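Student: Quick one: the structure is below, and I'll ask about it shortly.
Derivation of every value follows stated rules applied to the coordinates shown; laboratory data play no part. Values in this document were obtained by computation on a predicted structure and should not be read as measured data. When we count neighbours, we look across all protein chains shown, and the Cβ atoms used for this are built from the backbone with ideal geometry, even at glycine.
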Ligand SMILES: Cc1ncc(COP(=O)(O)O)c(C=O)c1O
């Protein structure tokens, strides 16, 4: 399959939320230390709302919602959800109401939670054991809002929808174009994987363009088999949304596990080391929930020789840095 990704996606409704391509930058000091040609795709710099990967998904998700007449968005996530914060920012930008129902007990108003309030979201915390119950309660909230004359659209956890996945298929094409100008096609694109839909979008892009680049998702939460199944599902759903028949081989979906540490959103020793190393070699801030763990996986795979020295690697900086300002020194300093 060798398809023009932008051409395929052109007919899918999209609102413009990014001001243009995000930078693809060399990381010279980390590259020299690790023995690879490392480039950073700065999707932490996507413009509005303090940046992050979810903005590329929201361009498509919100366009679909507006097409069906949405007046409000409802979404969920963990207390420090970047997706929730960006949904609030996008809602503000487009004049929609935003209802955030975050899972857990209300924390202090810091980091993303503070920004949620700043963007004017209607914010509440639901202390439920799992997202199935949160989703049921979101459906009940939507019904209640409909009775009041609103047209709410519920955005699933992490913006993991077929339309959202397309945002990262396009990002794959953007990375390829930028990498060509910097010396060649990357052998590997590595990123932190939560719901797996960002990884799925990149994989869809790689498959559509028949690229040899391997997409490596470093799990920050789920076990390998569960995440692999989700990445497969999202990739195939994205292809279906485009009317493309795609098949995946099991080894197309590369999940690196072993980098979660003590748990989701809990700093890990390897993540702390990757976070301080990236700050001190490149002056670039990672976050401890996603990108530090993603980078810790990238570094470890190189050091173990799984990713060979001399490779060209793009690490996608998916954002998340507001979370840094909620952390204690011992959480961050490796
Ligand atoms: C900063 C950051 N990086 C990575 C991810 C993972 O993205 P996905 O859920 O598409 O796997 C998220 C998701 O919330 C995120 O906020």
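Student: Below 8 Å, C-alpha to C-alpha, sequence gap of six or more: please give me the relative contact order for the stretch 54-159 in percent.
Tutor: Details: 172 pairs, mean separation 38.1, N = 106.
Across the stretch 54-159, relative contact order equals 36 percent.
Student: 222 nm [θ] for the chain, helices only, -39500 (n - 2.57) per DSSP H run of 4+, per residue, to 500? Could you put the intermediate results ahead of the total?
Tutor: Values: 12 runs with 145 residues, N = 334.
Estimated from H runs of four or more residues: -13500 deg cm²/dmol.
Student: Moving to a separate point now. Can you tell me the order of 304-315, 155-166 when each peptide is scored by its average per-residue count of other Cβ atoms within 10 angstrom, highest first?
Tutor: Working: 304-315: 16.6, 155-166: 25.0.
Highest to lowest by the protection proxy: 155-166, 304-315.
Student: Any idea what angle helix 224-241 forms with the longest principal axis of the chain, computed on alpha-carbon atoms, 0 to 90 degrees, nearest 10?
Tutor: 70 degrees
Student: Highest mean first, what order results for 34-41, 138-145, 189-196 on Cβ atoms within 10 Å? Walk me through the numbers before you get to the answer.
Tutor: On the way: 34-41: 22.1, 138-145: 14.9, 189-196: 27.9.
With the highest mean Cβ count within 10 Å placed first, the list reads 189-196, 34-41, 138-145.
Student: By how many degrees, 0 to 90 and rounded to 10, does the Cα axis of helix 197-208 deviate from the longest principal axis of the chain?
Tutor: Result, in degrees: 60.
Student: Tell me, what is the percent relative contact order of the chain, built from C-alpha pairs under 8 Å that lie six or more residues apart? Don't skip to the end; give the middle numbers.
Tutor: On the way: 691 pairs, mean separation 71.6, N = 334.
Taking the mean separation of contacting Cα pairs over the length of the chain, I get 21 percent.
Student: Quickly rank 292-301, 55-64 as a protection proxy: mean count of other C-beta atoms within 10 Å, highest first.
Tutor: 292-301, 55-64
Student: Starting from the Cα gyration tensor of the stretch 76-208, take the square roots of the eigenvalues, sort them a ≥ b ≥ c, and report rounded, prolate or oblate (rounded when a/c is under 1.5, otherwise prolate if a/b is larger than b/c, else oblate).
Tutor: Prolate.
Student: As I understand it, the value is the acute angle between the Cα axis of helix 82-94 and the longest principal axis of the Cα atoms of the chain; what does it come to in degrees, rounded to 10?
Tutor: 60 degrees
Student: Something else about it: For the chain, give the share of DSSP beta bridges that are antiparallel, in percent and rounded to the nearest 5; count only bridges with both residues there.
Tutor: Beta bridges within the chain, antiparallel portion: roughly 10 percent.
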